[in-house]
Amino acid sequence: MEFQTFDPADPGVAKKLLAYGPSVAFPALHGPGGEDGTIQGFFETLGVPYVGCGVAASAICMNKLHTKWAFEALGIPTPRWTLADPPAFPQILPPFPAVAKPLTEGSSVGVVFLETESDLRALLKRTKTPVLIEERIFGRELTIPVFGHPMEMLPVIEIRPKAKFFDFEAKYTKGMTEYICPADVSPGLLEKLKKFAEKICRRLDIRHLCRIDVMVGIPPAAASGPNLPGMDRPADGQPYFLEINTLPGMTGTSLLPMSARTAGVEFPELIRRLIRMAAAS
């Protein structure tokens, strides 16, 4: 299969891409500009079919605030949250401990754990951009790879980082994290995850591939207080949906290829199928 690589940072990339005349583009990018609809809009302007989600789905899922709005509109369970926009201090706070997340970063870049309101005040003095403040869920960390046309859930993976949490180093350094694939979850929880994942992909028009991050457990506040609306307590715990990755990694430690391999789809075939899907879009 003939291919050529292009760097979006190259000022002449559009001219070079058109001169090459690709039948399909395969974005291999992370973060702003790669996952937020920018490169997707570029390909659409040039009339080049591409692997992955379109402009709207990419933009919604890259922005954690927009993702929260989508979860709530679709009835997808997600941790309680608020938006902190420095220098203002939010009037309504989620229960502590909490997690602070930049709105448009990926790979856990900029994530900060907050034990108290004082930690949040100190954070807001150091930052100039809005951050999502989310109730911290303690339990099992799962990721749901979804792939195909129509989209179907691949084997769920449990993530067990050896460090404090699944940060950038744990994600991209071999041996820093243990992965259980397929994850040991009950049939009831598996069906629940499948139902929510299918709803997310269908309603947000996610295509070809994505990976949805979930925590399964009980928030500290719920353990001693009233339940959240619609919350139940099965043996596996309650799933809380965190984020949607519309352009999952394709490295040696990446999770969607790992899940596909468990399902019997080796990496070369995975790439071929994605290219065929894009060409047929």
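The values are calculated or read from the model by the stated rules, or taken from the named source; none is laboratory data. All values derive from a computational prediction rather than experimental measurement. Reconstructed Cβ throughout: ideal geometry from the backbone, glycine too, with neighbour counts over all protein chains shown.
Just a few scattered comments:
- Residue ID - farthest from residue 24 (Cα to Cα), chosen from residues in the range 45-65 that are surrounded by 16 or more Cβ atoms within 10 Å (Cβ to Cβ) and not hydrophobic (A, V, I, L, M, F, W, C): 64
- When residue 264 is tested against (1) modelled with pLDDT under 95; (2) surrounded by fewer than 18 Cβ atoms within 10 Å (Cβ to Cβ); (3) over 27 Å from residue 48 (Cβ atoms), exactly one condition is not met: (1).
- Options 248, 226, 234: the member that is modelled with pLDDT of 85 or more and part of a loop (DSSP other than H, G, I, E, B): 248
- Single condition residue 65 does not satisfy, out of (1) in a helix (DSSP H, G or I); (2) outside the structural domain of residue 246 (by TED's automatic domain parsing); (3) aliphatic (A, V, I, L, M): (2)
- Flag for residue 83 being assigned to a strand (DSSP E or B) and either over 30 Å from residue 184 (Cβ atoms) or under 14 Å from the mean Cα position of the chain (by Cα) (or both): yes
- Filter pass, residue 132 being closer than 26 Å to residue 216 by Cβ and either outside the structural domain of residue 187 (by TED's automatic domain parsing) or of a type in the set (A, V, I, L, M) (or both): yes
- Of the residues 26, 43, 89, 3, the single one that is in contact (Cβ under 8 Å) with a residue 60 or more places away in the chain and over 15 Å from the mean Cα position of the chain (by Cα) is 26.
- Taken over the range 1-44, the residue count meeting the criterion of being charged (D, E, K, R), surrounded by 14 or more Cβ atoms within 10 Å (Cβ to Cβ) and in a helix (DSSP H, G or I) is 1.
- Checking 109, 99 one by one, the residue that is in a loop (DSSP other than H, G, I, E, B), of a type in the set (A, V, I, L, M, F, W, C) and not assigned by TED's automatic domain parsing to the domain that holds residue 238 is 109 and no other.
- Entry remark, the range 119-146: residues being outside any strand (DSSP E or B) and either without any contact (Cβ under 8 Å) to a residue 60 or more places away in the chain or small (Gly, Ala, Ser) (or both) number 11 in total.
- Filter result (surrounded by 12 or more Cβ atoms within 10 Å (Cβ to Cβ) and outside any helix (DSSP H, G or I)) within the range 176-207: 176, 177, 179, 180, 181, 182, 183, 185, 204, 206, 207
- Counted residues, the range 15-43 - those being of a type outside the set (S, T, N, Q) and touching a helix residue (DSSP H, G or I) at 6+ places or on another chain (Cβ under 7 Å): 12
- One residue alone among 102, 95 is within 30 Å of residue 237 (Cβ to Cβ), within 17 Å of the chain's Cα centre (by Cα) and modelled with pLDDT under 95, and that residue is 102.
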